[in-house]
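Only one structure is covered here, and it is reproduced in the block below.
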Amino acid sequence: MLDFTMRDYLEAARSITERSLHPEVWTRLQAELRWRAKQGPLSVFEAGAGTGTMLLRLLEHGLLQRGSYYAIDTDGDLLAVLREHVFTWANKAGVHVEAMGEECVCLKTEQGDLRINTVQKDFLGYMDSFEPGPHYDLFVACSFFDLVNPIVSLEKLKVRMKAGALLYLPITFDGVTSLMPQLAADLDDDVIRLYHKSMDTRRSNGMVTCGSRAGRLMVHHLTVCGAIPMMVRSSDWVVNPIAGKYRRDEIFFLKCMLGFIEDALLKQKEIDPFQLDRWLRYRNRQIREGKLTFIAHNLDILFHRPQA
Ligand SMILES: C[S@@+](CC[C@H](N)C(=O)[O-])C[C@H]1O[C@@H](n2cnc3c(N)ncnc32)[C@H](O)[C@@H]1O
């Protein structure tokens, strides 16, 4: 069982995600959003919004001024943290903020009202809960598509995005996890293979998910369903000690990654528990000694729907 909460993990992962986002993709997204915001209020839909990593980034860069933001997540505790973060951000930024019922926060910016709606629901269930129609200008899903079925997700999304709408999938895991220095090649390979297998065998709503190769699969499925590629770049998480020291949040983040790996392997029961214990003790010692480097390969994916 994991000995940390998803909230604490996501808060630690936030600074690592921030520095990993590919600047060119982000610049392109910003330019697109600034242009679209001039045409009218923006309507944004985020799947698996968690504690609000992407929402806060969009707010901090002044990219959301008026319109509506729908933050969907199955975990209501994380959405409560997201709402708290919006209040904290608004108070610091001097933006008027008020709660509108339990699940909506309204920001009054210089350009108008921005309503942030948090919805505790499964992503596919949410899309089934309203009439199909072109509602959204931007769809966001950060570190999310390994968890859901790509084909059904895109079929449902297709009829809910406006013509020309943007689809932004940053930090989409793409099949490589590395921990260095090596302990023993065979054991390291077994651990990572089984960790990725746990993602590949995961089911969501009874359906297969993108799993460990989500990045490349989403590029493929988006193309097949007729979306137009704008930019795809690497956004790897790299955590490495500098002169034996880690930066803010990195030690906790690394321990979480070991926790996810341990949890996945214990559930599968395919590895000798003695060998797993040996591997974990070695990796934990490397963290304590400031020697462990961790890399997860991700893609930042930006597409748009055809204009007509
Ligand atoms: C890896 S976290 C990423 C969170 C956030 N996007 C970020 O980058 O900080 C995945 C999030 O998706 C949510 N989630 C998982 N399956 C979901 C589903 N089927 N529908 C909606 N949310 C889901 C989880 O609760 C979690 O908050």
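The table for this structure:
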| read-out | value |
| --- | --- |
| Residue within the stretch 33-52 that is assigned to a loop (DSSP other than H, G, I, E, B), among the β-branched types (V, I, T) and within 16 Å of the ligand (Cβ to nearest atom) present | yes |
| Residue among L254, L266, L280 that alone is among the aliphatic types (A, V, I, L, M) and either under 30 Å from E24 (Cβ atoms) or touching a residue at least 24 places away in the same chain (Cβ under 8 Å) (or both) | L254 |
| Top-ranked residue of the stretch 268-302 - restricted to ones that are surrounded by 15 or more Cβ atoms within 10 Å (Cβ to Cβ) and farther than 24 Å from R19 by Cβ, ranked as farthest from the chain's Cα centre (by Cα) | Q275 |
| Flag if V86 is over 24 Å from D122 (Cβ atoms), within 16 Å of the ligand (Cβ to nearest atom) and buried (at least 19 other Cβ atoms within 10 Å of the Cβ) | no |
| Residue that is farthest from the ligand (Cβ to nearest atom) [pool: residues in the stretch 123-153 that are aliphatic (A, V, I, L, M), crowded, with 20+ Cβ neighbours inside 10 Å and closer than 18 Å to H304 by Cα] | L138 |
| Which listed residue, of A214, A264, is under 16 Å from I151 (Cβ atoms) and among the aliphatic types (A, V, I, L, M) | A214 |
| The stretch 172-200: number of residues that are in a helix (DSSP H, G or I) and among the aliphatic types (A, V, I, L, M) | 6 |
| Filtered residue count, the stretch 154-171, keeping only those that are touching a strand residue (DSSP E or B) at 6+ places or on another chain (Cβ under 8 Å), surrounded by fewer than 16 Cβ atoms within 10 Å (Cβ to Cβ) and in a loop (DSSP other than H, G, I, E, B) | 0 |
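No value in this document is a laboratory result; all are computed from the given coordinates. Predicted model only: the values in this text are computed from it and were never measured. A quick note on method: Cβ atoms are made from the backbone with ideal geometry, for glycine too, and the neighbour counts reach across all protein chains shown.
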